[in-house]
Amino acid sequence: MYILKHSAQRTLHGFGRALPFCVLIAVLVSGDRLLAADISIPRTVAHSTNVSLDVSYTALGASVAGLQFDLKYDRSAVTITASAGPAAATAGKSLSSNVLPNGITRFLIVGFNQNVIPDGVIVVLSIQFAVNAHPGPYPLRIINPFATNATGQGVPILAHSGRIVKAGRHERGRDDETGDGDVADLHFLPELPLFPARRILPSLPL
């Protein structure tokens, strides 16, 4: 009994000394995977049929060199065109977009460089309401966000969805089927489908 107890105490003592070392190794190996960047769309009220909204990016300690996200919205009521924001342009990134078969629009912010994207506006959304669009809230939901660092490794990213409210009287109880912008989702991205038939964010060139 004494031998078993003494052995257990030695094992626990050794584990206690090794634990800080293991934590340090995990931090060194994980790198950017312990830091989550953030992209967000604000809530706003539109008093005209045309309005501009910014998609903002905050690094929060992460080093991101490429971004991708999908935008889900009511295409029957809203038309959206997009251009690269100043933060993307500063890092030498360009904006590409593609409408997926399910009607969701995919945005890609990437460039032929390893420049880290700074905090700021990465995409400017130009929104136009259809003539028959009823007053009320129209969600703009960010889904499937993906971020990569300069070596092509995935970086966790938070997404805050938004919405635009068309001013005027609207029916009570109009539901937000695609999310009302309250929820922040943490995404660890390994295997997300990108543009059809090919991945878009491989290791970035040196």
Restricting to the stretch 125-155, and then to whatever is of a type in the set (Phe, Trp, Tyr) and over 18 Å from LEU95 (Cβ atoms), can you tell me which residue is surrounded by the most Cβ atoms within 10 Å (Cβ to Cβ)?
TYR138
Could you count how many residues in the stretch 106-124 are surrounded by fewer than 21 Cβ atoms within 10 Å (Cβ to Cβ) and closer than 13 Å to ILE41 by Cβ?
2
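Every residue, every condition in (1) within 19 Å of ASP70 (Cβ to Cβ); (2) modelled with pLDDT of 95 or more; (3) not polar (S, T, N, Q), yes or no:
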site: ASN98; (1), (2), (3): yes, yes, no
site: ILE104; (1), (2), (3): yes, yes, yes
site: VAL121; (1), (2), (3): yes, yes, yes
site: ILE142; (1), (2), (3): yes, yes, yes
site: GLY181; (1), (2), (3): yes, no, yes
Count of the stretch 80-95 residues which are within 21 Å of LEU140 (Cβ to Cβ) and either surrounded by 15 or more Cβ atoms within 10 Å (Cβ to Cβ) or not assigned by TED's automatic domain parsing to the domain that holds ARG141 (or both):
7
Just need a number here: residues in the stretch 53-62 that are more than 13 Å from the chain's Cα centre (by Cα) and at pLDDT 95 or above.
2
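Among the residues of the stretch 38-69, which ones are of a type in the set (Asp, Glu) and under 16 Å from ARG163 (Cβ atoms)?
In the first step, residues of the stretch 38-69 are kept if they are of a type in the set (Asp, Glu); the result is 38, 54.
Passing the criteria: only ASP54.
The values are calculated or read from the model by the stated rules, or taken from the named source; none is laboratory data. Just so it is clear, the model here is predicted, and its values are computed rather than measured. Cβ sites come from the backbone with ideal geometry, for glycine too, and all protein chains shown count toward neighbours.
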